[in-house]
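Novice: Let me give you the structure first, and then I'll get to my questions.
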Amino acid sequence: MPEASSVKTIAVVGAAGFVGRQLLKTMQDAGVQVTAVIRGAAELSVEGSFHNVLHESQVTESTAFDLVINLAYPNSGPLFSYAAQNRLIFAAVERLMKPGGRLIHVSTQAVFGLALDRPVSASPVRKVRDAAYVEAKIEAEHHFAALQKKGGLSLDIVRLGNVWGYASGAWALPLVQRLLTGRPIGVQGVAGLSNSTDVANVASYLSHLAIQGEGAPGLRFHHLAEFSSVPWSYWIDRLAAELQVSPVHAGPEQMTLPVSGRAELAEAMAGVKPRALYRRLAGERVSGSWARSMLTRLPRPLFVKLKGRELSPAKAMPLSREDQMFLSIMSAQQEFKSQVVAGWTPPVGQEESIRRVLGWLRQEW
């Protein structure tokens, strides 16, 4: 790790997540103390006593840091609440920042579509209708870019590839579960690119930017996916061999996922009641976005009638649709290549990355 720069105080928002915990460990190894901003109980969120801990509710206008690293994003609760959750995150980040300060905002390749079905470029993306997660990520980029333009702060937007690694709840664990239960994990004849990055490399790069980065005013985009050209089959075959199972692949004819709101609406309209129609559409990629927007504008009595008295999230889509969404990501053909600052190299290579995941697998299974 490089020696600490002139940055005096650093706050990490979303420090209790998968990437956040690894980042805290990496910063500690470098001897750099930060303040971990968390939502839950500190003793359950941040291990050890090296770093400071600040609960989200304790963030005030008097709390200000030289550098804020934002890892937080909406990832729980009803999909229609993601926009409101995003606004709360924006407010917390802004209260933590000094005027004209520095922000490293962590985004994702998903701003180009879950299956990378829009052109990839290290530049601003336009707002589109898409899955709630994708819309939230795009909205965050736009919000902080507008803040940078208005206040002249230093803004680095770091878009990550598919973050995998030992104990990854987003990728390693789902792949293992699909292999063990015989659910399809790929499409026959389609070698999808993993566009992946190891969590240790993510933490290393963010630490490098925080400690070594100059923090000059302006907006910069970074793409991190050091394993972008590695096909999913490489990771899957090694996991399958360790588990002593055979991967199951779906046939190309099963991939009939609608690609537009009109197609999703037409498929869902066959003789269903309003509440059932909403729940069906809310789980789709494009029509779900329109359904959430409509829901937030309804009068409260109609909102309750449509959602149900318990105001519960929409029911999950049938397994076949869930599999189709997953397999579309696994079949991505566009490469999300790394575009990082000079002077940084990934500390964990491809073979070391799979070795670490297999080591975790042997302990858990």
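The values are calculated or read from the model by the stated rules, or taken from the named source; none is laboratory data. Keep in mind that this is a model prediction, so the values were computed, not measured. A quick note on method: Cβ atoms are made from the backbone with ideal geometry, for glycine too, and the neighbour counts reach across all protein chains shown.
Novice: Of everything in segment 191-212, what is in contact with a helix residue (DSSP H, G or I) (Cβ under 7 Å, 6 or more places away or on another chain) and not in a helix (DSSP H, G or I)? Give them in sequence order.
Specialist: Those that are in contact with a helix residue (DSSP H, G or I) (Cβ under 7 Å, 6 or more places away or on another chain) and not in a helix (DSSP H, G or I): Ala191, Gly192, Ser194, Asn195, Asp198.
Residues are listed down the side, and each one gets a yes or a no for (1) under 21 Å from Val199 (Cβ atoms); (2) surrounded by 21 or more Cβ atoms within 10 Å (Cβ to Cβ); (3) in contact with a Ser or Thr (Cβ under 9 Å, 6 or more places away or on another chain):
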site: Ala110; (1), (2), (3): yes, yes, no
site: Arg126; (1), (2), (3): no, no, no
site: Arg129; (1), (2), (3): no, no, yes
site: Lys137; (1), (2), (3): yes, yes, yes
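One line per residue, one yes/no per condition, for (1) in contact with a helix residue (DSSP H, G or I) (Cβ under 6 Å, 6 or more places away or on another chain); (2) hydrophobic (A, V, I, L, M, F, W, C); (3) within 23 Å of Val120 (Cα to Cα); (4) modelled with pLDDT of 90 or more:
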| position | (1), (2), (3), (4) |
| --- | --- |
| Gly215 | no, no, no, no |
| Tyr234 | no, no, no, yes |
| Met255 | no, yes, no, no |
| Gly261 | yes, no, yes, no |
| Ala268 | yes, yes, no, no |
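Novice: Report every pair of residues separated by at least 6 positions or lying on different chains whose Cβ atoms are under 7 Å apart, first residue within segment 228-252 and without any contact (Cβ under 8 Å) to a residue 24 or more places away in the chain, second assigned to a helix (DSSP H, G or I).
Specialist: Short answer, once both residue conditions are applied: Ser246/Ala240.
Novice: Got a sec? Which of Ser246, Ser228, Ser154, Ser204 is within 17 Å of the chain's Cα centre (by Cα) and hydroxyl-bearing (Ser, Thr, Tyr)?
Specialist: The unique qualifying residue is Ser228.
Novice: Taking segment 1-46 on its own, how many of its residues are among the polar types (S, T, N, Q) and either at pLDDT below 90 or touching a helix residue (DSSP H, G or I) at 6+ places or on another chain (Cβ under 7 Å) (or both)?
Specialist: 5
Novice: Does at least one position in segment 90-100 carry a residue that is in the same structural domain as Ala216 (by TED's automatic domain parsing), of a type in the set (Val, Ile, Thr) and not in a helix (DSSP H, G or I)?
Specialist: Checked segment 90-100: no residue is in the same structural domain as Ala216 (by TED's automatic domain parsing), of a type in the set (Val, Ile, Thr) and not in a helix (DSSP H, G or I).
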